[in-house]
Structure formats: C-alpha cells, structure tokens
Amino acid sequence: MTDSLPIALYLEDQYPDTPKLFPEGTRALQAAWLQTHNLLGTMFTLLIGDIYGQCSERGKVYFLETRKKWFNIESIEQVVAKGDERVAKLKEVEGVLAKIGKWIDANGEDATFVLGDGTTPSYADVDVASLLMLAKKASGTESDLWKTIANAENGRWVRYLAAFDKYMEVV
C-alpha cells in the first residue's frame, strides 16, 4: 500500500481504540483538504535538492532515476529553485501558510488544529506538520526555507509543530 492517506485510513480502521485522526464524518473533508492547500507542491523546488543531499549514495541513484522519469529531467539541479525563482517560491510558502492559518483560525482564536474545537490534531494536521518537519529536517534550521516557515505569522508554525511534541514520543 502506498500514499499516506490510504495507509492512515487502514491504520485507523485496524486500531479503533487509538486516538482518532479521522473523527466521525470527516474522511471526505480531510481527503479534500489534502488536495487544497498544496504546501508540498509549493515547497517542492525548495526541498528537492536538500532531500537528495540527505540520501545515501545508493539512495541518490534511486532518487535521481525515479525523478528523471517523473519529471523528464537529467539532474536534480534542473528543478532546484535558485535566485529570484527561489525568493518567489519562499513568498509562495508564506502565502500558503497564511491561507492554512486562516482556515485554522475559523475554529476560534485559541484553535491550534484544523478540526472541531481546534485542540485535537486530525489527519489534516498530521499532513501539514509532516511537511513542516520535512522542511526542517531536510533543509535544516539555518536554511532560507526553514527560516521562512519559522518566521511566518510571528512563529505560528514553530508553535504548531511544538504542539505535536507529545505525539512524537516513541513508546
């Protein structure tokens, strides 16, 4: 099974006594959410070079070969945003985060998360948090991408990730 949504749905169904990422009646809404915000698409050309750089030598071969087929490119460098294009992409990231922030704010001024009263994470939140964590880990905290995310909306997205700390513990 591939793709995170079917995997999450499978786990939710297999382990009904665990915290719910898909509260009753929200599966369709959350599936639509994944198609709406486009945070990954916006960050893609900012991240791909950093992800490639994190790969082992064997992983780099696989990563490059698959991306050559997917994007009809010869090298990763062909798609890495640089110069003015990078600056524009960083602004787009700020815009997407502001849009997501407004959606969360619709739950009330104290809301942290997407659904319900905004105090419990859903799969939509895990989706956003995983992309933010990918940017932090792949690009590093000194990168222009992470600094853009960390500074967006007065640090909101750093606080958002911190709200997941209690769920990150491996037991």
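Which one is modelled with the highest pLDDT, of the residues in region 1-41 that are open to solvent by 40 Å² or more (accessible area, probe 1.4 Å) and among the β-branched types (Val, Ile, Thr)? Step by step, filter region 1-41, then rank; the result is ILE7.
Being acidic (Asp, Glu), in a helix (DSSP H, G or I) and modelled with pLDDT under 95 is a property that holds for ASP127. When restricted to residues that are assigned to a helix (DSSP H, G or I) and touching a residue at least 40 places away in the same chain (Cβ under 8 Å), region 138-152 contains 7.
Pairing residues of region 120-136 that are more than 17 Å from THR42 (Cβ to Cβ) and of a type in the set (Ser, Thr, Tyr) with residues that are open to solvent by less than 10 Å² (accessible area, probe 1.4 Å) and in a helix (DSSP H, G or I), at Cβ distances under 9 Å and at least 6 apart in sequence or on separate chains, gives SER122/GLN30; TYR123/GLN30.
I need the full set of residues from region 43-83 which are among the charged types (D, E, K, R) and either under 24 Å from ASP127 (Cβ atoms) or open to solvent by less than 20 Å² (accessible area, probe 1.4 Å) (or both), in order please.
ASP50, ARG67
For region 84-100, the candidate set comprises residues that are under 16 Å from the mean Cα position of the chain (by Cα) and surrounded by fewer than 15 Cβ atoms within 10 Å (Cβ to Cβ); within that set, the residue that is nearest to THR45 (Cα to Cα) is GLY95. Only one entry in GLY108, GLY155 is loosely packed, with under 13 Cβ neighbours inside 10 Å and outside any loop (DSSP other than H, G, I, E, B), namely GLY155.
The values are calculated or read from the model by the stated rules, or taken from the named source; none is laboratory data. Everything numeric in this text was worked out from a predicted model, so none of it was measured. Every residue, glycine as well, gets a Cβ built from its backbone with ideal geometry; the counts of neighbours run over all protein chains shown. Protein only, heavy atoms only, side chains kept; ligands, DNA and RNA dropped before computing areas. Shrake-Rupley method; radii C 1.70, N 1.55, O 1.52, S 1.80 Å.
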